[in-house]
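Data first, discussion second: the structure below is written as structure tokens.
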Amino acid sequence: MLNLLSSEQKKLLEREYYLRLMSIALVLLLAALFVAALFLVPTLILSRVRLDIAEGRLEEARKTEHLATAKAVGYEELEATVTKANAQIGILRPTYTLLYADELVRTVLGHKPSGIKITGFHLTGSEPREFFVTGSSATRSMLLSFVQSLKREKIFTDVELPVSNFTKDSNIDFSIRIQGIF
């Protein structure tokens, strides 16, 4: 059989085939993840409803004047059920306040004086989450006021500017490390 394609064209065709195959696999994976997440939503809603019902029953039992009567009805069992439900629901609840990256950027830009030029942002994904701001400052005093302004922000628990950033008097390149509730 006669080959009409050169080896370069065969390689290009093979590369295009694998690219299409990978894109289809990625789309199918994303669709499967979406469907799985969709099936988990009713479970979450049902768990929250059950928790609300159990907490309501527990409050009613606590409000009764006769504790002996409440114990006879199953007060201790009810309290154990609520405690267990709280532990299970606690797994689903995030342990931190969800703050999106664009909100962090807007917060930092809201504190930026006119002599500061920000060149980059970086948000780490691992715990503890850190947000890095890089840029340049016209003067040392502008950089110091910018950092102090960020420290007053309630969502930032720690704003750290290395001392090495203060070596120059003007045109200072800086990198600020921010930790907080995000």
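Go over the candidates S126, S137 one by one and state the one that is of a type in the set (S, T, Y) and surrounded by 17 or more Cβ atoms within 10 Å (Cβ to Cβ). Steps first, please.
Numbers: S126 fails: surrounded by 17 or more Cβ atoms within 10 Å (Cβ to Cβ).
Sole residue among the options that is of a type in the set (S, T, Y) and surrounded by 17 or more Cβ atoms within 10 Å (Cβ to Cβ): S137.
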(message) For segment 116-130: of the residues being among the charged types (D, E, K, R) and within 13 Å of the chain's Cα centre (by Cα), which is nearest to L143 (Cα to Cα)?
(response) E130
(message) Just the residues that are within 14 Å of F174 (Cβ to Cβ) and among the aliphatic types (A, V, I, L, M), please, taken from segment 102-124.
(response) V108, I116, I118
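Give the residues of segment 153-171 that are under 14 Å from S136 (Cβ atoms) and either over 31 Å from the mean Cα position of the chain (by Cα) or modelled with pLDDT under 85 (or both), sorted by residue number. Break it down stepwise before answering.
Step one: filter segment 153-171 for residues under 14 Å from S136 (Cβ atoms), giving 161, 165-171.
Scanning segment 153-171 gives N165, F166, T167, K168, D169, S170, N171.
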(message) Here is a list: T81, T64. Which entry is modelled with pLDDT of 75 or more and either among the charged types (D, E, K, R) or surrounded by 12 or more Cβ atoms within 10 Å (Cβ to Cβ) (or both)?
(response) T81
(message) Just the residues that are assigned to a helix (DSSP H, G or I) and in contact with a helix residue (DSSP H, G or I) (Cβ under 6 Å, 6 or more places away or on another chain), please, taken from segment 141-165.
(response) S149, L150
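The values are calculated or read from the model by the stated rules, or taken from the named source; none is laboratory data. The structure displayed is predicted, hence computed values, not measured ones. Every residue, glycine as well, gets a Cβ built from its backbone with ideal geometry; the counts of neighbours run over all protein chains shown.
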